[in-house]
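Structure first, then comments.
What follows draws every value from the coordinates through simple rules; no lab data is involved. Everything quoted here is computed from the prediction, not taken from an experiment. For neighbour counting, all protein chains shown are included, and Cβ atoms are generated from backbone atoms with ideal geometry for every residue, glycine included.
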Amino acid sequence: MLDEIRERLESEIESLMKELNVELPKRIKVAMEHGDLRENSEYKAAKERQGFVEARLNHLTLRMTELSKIDVNEMAYDRVGFGSKVVIFDIEIEETFTFTITAGDFIDLDAGQVSLASPIGQGLLGAGPGEEVSIELPRGERRYKVLELITLPQQLEGSDG
C-alpha cells in the first residue's frame, strides 16, 4: 500500500511539475502578449492555476515526507491502523462492510477505501478483532463490531513469503 501511494504521489508531482514549469509559462506568455493585464482573463486564470499548482505541490511534498517517516515495524500488529483491511458488522442494520484504512488523499469508497481522518477511520483506529466500537456519524451514532482485521504489517509479511 505504501508503494502504491508513493507511486500515485510521484506521478501527480511529475505531472504538476511539468504543468508548472512548461505549460503554465507558455500560457502566461501568450496571455501577456494580448496586452493590458488588468482586464486579461486568460492571464488571471493562468496565474490562479499557477498558485493552485504550487500549493498542491507543497502539499504533495509534505505527504511524501510523512510517508517516508512511516515505520511498518512500529505499527500495531493486531489493531486497526493505517493500511489495515477491516471487515466490520453494523449492529443496527445488520450489514457487513469491508474497508481498507488509507491516507486522506486517497479515498475511493467504491473500492472500499476509508480515510484514516474520517469518522469511521478515527472510530476504528486502535480497535481489535471482536471489539465493538461506537462511531458518531453525520446521521447519528452507529455501533460496529470488528469481524476481521489484517493490518499493514500482516499484509507485508504475507507478501514476503
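Data overview
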quantity: Residue-averaged 222 nm ellipticity for the chain, from DSSP H runs of 4+ at -39500 (n - 2.57), nearest 500; calculated: -14000 deg cm²/dmol
quantity: Eligible lysines near residue 145 by straight Cα distance, threshold 29 Å, same-chain separation 8 or greater; calculated: 85
quantity: Within a Gaussian network of the chain (alpha carbon springs, distance under 10 Å), most fluctuating of 119, 129, 25; calculated: 25
quantity: Where trypsin sites (Lys or Arg not before Pro) fall in DSSP loop in segment 36-106, at most 16 other Cβ within 10 Å; calculated: 69
quantity: Principal semi-axes in Å for segment 73-160 [√(5λ), Cα gyration tensor, largest first]; calculated: 21, 14, 11
quantity: Residue exposure sequence - 53, 30, 80, 87 - by fewest surrounding Cβ within 10 Å; calculated: 30, 87, 53, 80
quantity: At 1.002 mPa s and 20 °C, Stokes diffusion of the chain via Kirkwood alpha-carbon radius, µm² per second; calculated: 116 µm²/s
quantity: Ratio Rg/Rh [Cα only; Rh per Kirkwood] for segment 59-103; calculated: 1.14
